[in-house]
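Values quoted throughout were computed directly from the atomic coordinates according to the rules given, and no laboratory measurement underlies them. On a predicted model such as this, the values are computed, not experimentally measured, just so you know. Reconstructed Cβ throughout: ideal geometry from the backbone, glycine too, with neighbour counts over all protein chains shown.
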Amino acid sequence: MSVAAEPLIPIPAASRGHDYRRVTVAPIAGACGAVVGGIDLATDLDDAVIAEIRRAVLDHQVVFFRGQRLAPEQQVAFSRRFGPFSPVPFIEPVAGHPEVIAVVREAEESQEFTFGSLWHSDFSFLPQPPFGSILHALEVPPYGGDTLWANQVLAFRSLSPGMQAMLEGLTGIHSAVNAYSPKMQPIHDAFSGMTVRTDDGANAVQQHPVVRVHAETGRKALFVNVQYTIGLDGFAPHEAKPVLDFLFAHSVRPELACRWRWEVGDVAFWDNRCLQHMAMADFTGHRRAMHRTTVAGEAPAAVHA
Ligand SMILES: O=C(O)CCC(=O)C(=O)O
């Protein structure tokens, strides 16, 4: 008996990016991700530096800054240079800092998962999902707790023309039901470092194109994720499931991804419009603590508007 091999569709190279004058930019993987150096994010950065950081995010989709030390108000000030605060439903913000959430798992919380440990694009269930997420490492485990990102532009480009054409006409149904509806409250209650308040609002659904056109780069990107995409408009559930299962697996292939091993002081800034990400939950017995700010985005545009 022979088993048909999965046809190998080559992954096209990621874009090479631009030249930078005020910061250094060093890619960490072929698909996405770069370390941006030469700046202290706690200082009042001039507009030219901010423009280069934005350029680097657009070129590499996720960028990393090492050795930073940001108080919550400094992280908020940095985030706001890239756009207004994006609403963060269900998650209680850090006391006194409504635009900051803590992403924490305590050492004694021996869980098989941690916040964000399913592949997702942040809050894709919102009408206008966020553009950017900025995560600052305050305490990291001695091993594990890495974060992975996968390039959704390359995910789209590595599909065959027939599949691309079909997907361009589809609309995904997104919902927070499997993350923040009341049935999930016991899971959130197991994490003492974060306060999550589920409610029935999480059952609402939101439609977005399966292939979105990036508002700044014009590139087409897949926009479905296993955490929040629960169906396809006009499809019966048993029809949508195999299509979505294929896309969930395809869109996070290792060739599309980069992986970050955190050190205290690192800051990651990623573009949710063209990436999925997930956190590894493999640090049982150790504390991991981050602060996150979130930058507003726009309603995803379809290819055939
Ligand atoms: O903690 C991490 O590495 C990622 C958390 C996450 O998924 C998120 O903030 O959306």
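Per-residue extension of 0.36 nm, minus the Cα-Cα distance of Asp44 and Thr217, leaves a gain of 59.6 nm for this segment. Projected label points at Val264 and Arg197, each 7 Å from Cα along the beta carbon direction, are separated by 3.3 nanometres. Over what distance in Å are the Cα centres of the range 59-133 and the range 280-296 separated? Spelled out, the Cα-based centre of one part sits 9 Å from the other.
Shape class for the range 74-202: prolate, because the ratio a/c of the largest to smallest gyration tensor axis (alpha-carbon atoms, square roots of eigenvalues) is 1.5 or more and a/b beats b/c.
Looking at the range 119-159, the chymotrypsin sites (Phe, Trp or Tyr not before Pro) that sit in a DSSP loop and have at most 13 other Cβ atoms within 10 Å of their own Cβ are Tyr143.
How big is the charge dipole of the range 24-302 about its Cα centre, in debye rounded to the nearest 20, if each Lys and Arg gets +1 on its Cβ and each Asp and Glu gets -1 on its Cβ?
Around 500 debye, computed over the range 24-302.
For the range 61-139, the set of trypsin sites (Lys or Arg not before Pro) satisfying both a DSSP loop assignment and a count of at most 16 other C-beta atoms within 10 Å is given as Arg66, Arg69, Arg81. Take the Cα of Arg253, go 7 Å toward its beta carbon, and the backbone nitrogen atoms of the range 189-229 under 15 Å from that spot belong to 222.
Given a Förster radius of 25 Å and the C-beta distance between Gln207 and Lys183 as r, what FRET efficiency does 1/(1 + (r/R0)^6) yield to the nearest 0.05? Don't skip to the answer; put the middle values down first.
Numbers: r = 23 Å, r/R0 = 0.91.
Plugging the Cβ-Cβ distance into 1/(1 + (r/R0)^6) gives 0.65.
The range 160-234 and the range 15-49 have their alpha-carbon centroids 29 Å apart. Site-free segments of the chain were taken between GluC sites (Glu not before Pro) in DSSP loops having at most 11 other Cβ atoms within 10 Å, sites themselves excluded; the longest one is 113-262.
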